[in-house]
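Q: This is the structure I want to talk about, given as structure tokens.
Please treat every number below as a calculation from the coordinates, not as lab data. In this text, all values refer to a predicted model and were calculated from it rather than measured experimentally. Positions of Cβ are backbone-derived with ideal geometry, glycine not excepted, and every protein chain shown enters the neighbour counts.
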Amino acid sequence: MSARTPDAAGQTSSEGDSVPLGPTGRPYREIPEPRPLDRHGPAKIIAVCNQKGGVGKTTSTINLGASLAEAGRRVLLVDLDPQGALSAGLGVPHHELEETVHNLLVAPYAATDDVLISTRVDGMDLLPSNIDLSAAEIQLVSEVGREQALARALHPVADRYDYILIDCQPSLGLLTVNALACADNVLIPMECEYFSLRGLALLTDTIDKVRDRLNPRLTLGGILVTMFDSRTLHSREVMARVVEVFGDAVFDTVISRTVRFPETSVAGEPITSWAPKSAGAEAYRNLAREVIARNEG
Ligand SMILES: Nc1ncnc2c1ncn2[C@@H]1O[C@H](COP(=O)(O)OP(=O)(O)OP(=O)(O)O)[C@@H](O)[C@H]1O
Ligand SMILES: [Mg+2]
């Protein structure tokens, strides 16, 4: 009998010993190394979005961003959540900031470059937010072109970056619609748990509506399964169902549940620098390779 080749999730094909399966239950696929870029921009804009709370949106924005930067891409992260978790997760004292994304969306407008700050990750900048942003939805309601406020703010800087990642808040309100209205695609992090599937229909409906009414470019960039635990039958069953419903939209990369991620939030840096050799860091590097293959292929 030939030796079984376990993959990251320790599964092998039931039909034969020779086909290693990835954690999604599909045959394992090698993801190509990204090629170096000789010039930068214009940016692909990716909205990281799920109206369910605590599914890994912010964690994925920070760590995918840092991994894209490691791969030589210029990255801008946009904190579009008044909680400011993205800014805090990068060690930015966001409560003290005078100029934030809020000033870009609501008159009198600030210049995008005046709000932009560089992060400790080489090649990765941030448009930070704090609680001021919570007023924006109400302030924007009476504005003409209220759904395009973020697009207007990003326009002057989009040529400088290869990727702009927008960390959305857990709602489908006007701020999230602003992200969808200017995005090329949506990355949906999804906690590997049964009830997570239910909310996805509402989210994909919203994406369809925004595509029809505001942004014909918008596509589903991919579903990222997070907080996966290969040891539990529940996780594997949910995974099988997600792949059945969403097929190839599901990334091969799967993010396992590990305490390393909460640790990085406290440390205020991405896992790729906090624990560069950890499985979590490797997973987000792998995701970056998939994102690059899907966007630059
Ligand atoms: N793979 C993981 N394993 C374990 N914990 C994780 C994982 N990913 C994220 N977390 C933790 O789960 C919590 C929620 O993650 P995160 O803040 O990224 O989710 P979110 O979708 O942005 O939440 P919100 O909807 O509140 O903005 C955080 O404490 C984070 O550190
Ligand atoms: Mg968040």
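Q: Would you mind working out the magnitude of the charge dipole of region 60-175 relative to its Cα centre, with +1 at each Lys and Arg C-beta and -1 at each Asp and Glu C-beta, to the nearest 20 Debye?
A: Working: 6 positive and 17 negative charges, 51 e Å.
The calculated dipole for region 60-175 is roughly 240 debye.
Q: Wrap a convex hull around the Cα atoms of region 38-296, take a quarter of its surface area, and give that in square nanometres.
A: About 12.9 nm², averaged over all directions.
Q: Continuing with this model, one more query. Determine ³J(HN,Hα), in whole Hz, for all residues of region 273-290 in sequence, where each value follows from phi through the Karplus function 6.51 cos²θ - 1.76 cosθ + 1.60 and θ = phi - 60°; x replaces Gly and Pro.
A: Calculated HN-Hα couplings, in order: 9, 6, 9, x, 9, 5, 4, x, 5, 4, 4, 5, 5, 5, 4, 4, 4, 5 Hz.
Q: Once the Cβ-Cβ distance between Glu98 and Ala267 is put in as r, and R0 is 22 Å, what FRET efficiency do you end up with, to the nearest 0.05?
A: Calculated transfer efficiency: 0.30.
Q: What angle, in degrees between 0 and 90 and rounded to the nearest 10, separates the Cα long axis of helix 196-213 from the longest principal axis of the Cα atoms of the chain?
A: 50
Q: Neighbour counts of other C-beta atoms within 10 Å: give me Ser129, Ser256 arranged from fewest to most.
A: So the residues, fewest neighbours to most, are Ser256, Ser129.
Q: Taking the Cα centre as origin and putting +1 on Lys and Arg beta-carbons and -1 on Asp and Glu beta-carbons, what dipole magnitude results for region 38-296, to the nearest 20 debye?
A: With Lys and Arg at +1 and Asp and Glu at -1, about 620 debye.
Q: Could you work out how far apart the two model spin labels at His234 and Glu296 are, taking each label as a point 7 Å from the Cα in the direction of the beta carbon, and quote it in nm?
A: 3.9
Q: Once the Cα atoms of helix 233-246 and of the chain are each reduced to a long axis, what angle between those two axes, in degrees from 0 to 90 to the nearest 10, is obtained?
A: Roughly 60 degrees, rounded to the nearest 10.
Q: If you don't mind, another one. Just rank Thr219, Thr119, Thr58, fewest to most, by other beta-carbon atoms within 10 angstrom.
A: The most exposed by this proxy come first: Thr219, Thr119, Thr58.
Q: Oh, and also: Ranking Asp81, Asp38, Asp113 by Cβ neighbours within 10 Å, fewest first, what do you get?
A: Asp38, Asp113, Asp81
Q: Taking the Cα atoms only, what angle lies between the long axis of helix 57-70 and the longest principal axis of the chain, rounded to 10 degrees?
A: Helix 57-70 sits roughly 80 degrees off the main axis of the chain.
Q: Could I ask something else about it? So how much slack lies between Ile131 and Arg241, counting 0.36 nm per residue of separation and subtracting their Cα-Cα distance, in nm?
A: Working: separation 110, 0.36 × 110 = 39.60 nm, distance 3.73 nm.
My answer for the length gained is 35.9 nm.
Q: Right, here's the next one. With each label point set 7 Å from Cα along the Cα-Cβ vector, what nm distance links Arg29 and Leu116?
A: It works out to 3.4 nm between the two label points.
Q: In addition: Within region 246-284, list the trypsin sites (Lys or Arg not before Pro) lying in a DSSP loop whose Cβ has at most 10 other Cβ atoms in a 10 Å radius.
A: Within region 246-284, the qualifying trypsin sites (Lys or Arg not before Pro) (loop, at most 10 other Cβ atoms within 10 Å) are Lys277.
Q: Can I ask one more? Which whole-number percent gives the relative contact order of region 38-296, counting Cα pairs below 8 Å spaced six or more residues apart?
A: 26
Q: Which listed residue (Gly22, Val259, Val55) has the Cα farthest towards the positive end of the charge dipole for the chain, taking +1 on Lys and Arg C-beta and -1 on Asp and Glu C-beta about the Cα centre?
A: Going by the Cα projections, it comes out as Gly22.
Q: Which of Leu214, Thr232, Val243 sits farthest toward the positive end of the charge dipole of region 186-265, with +1 on the Cβ of Lys and Arg and -1 on the Cβ of Asp and Glu?
A: Leu214
Q: Also: Equivalent-ellipsoid semi-axes (√(5λ), Cα gyration tensor) for region 212-297, whole Å, largest first?
A: Ellipsoid half-lengths, sorted descending, are 25, 19, 12 Å.
Q: Using +1 at the Cβ of each Lys and Arg and -1 at the Cβ of each Asp and Glu in the chain, identify which of Cys168, Leu133, Ile117 lies farthest towards the dipole's positive end.
A: Value: Cys168.
Q: Give me the number: length gained by fully extending Val144 to His40, i.e. 0.36 nm times residue separation minus the C-alpha to C-alpha distance, one decimal in nm.
A: Here the segment from Val144 to His40 would lengthen by 34.2 nm.
Q: May I pose another question? Indicate, rounded to the nearest 5 percent, the antiparallel portion of the DSSP beta bridges found entirely in region 38-296.
A: Numbers: 2 of 30 bridges.
DSSP beta bridges in region 38-296 are roughly 5 percent antiparallel.
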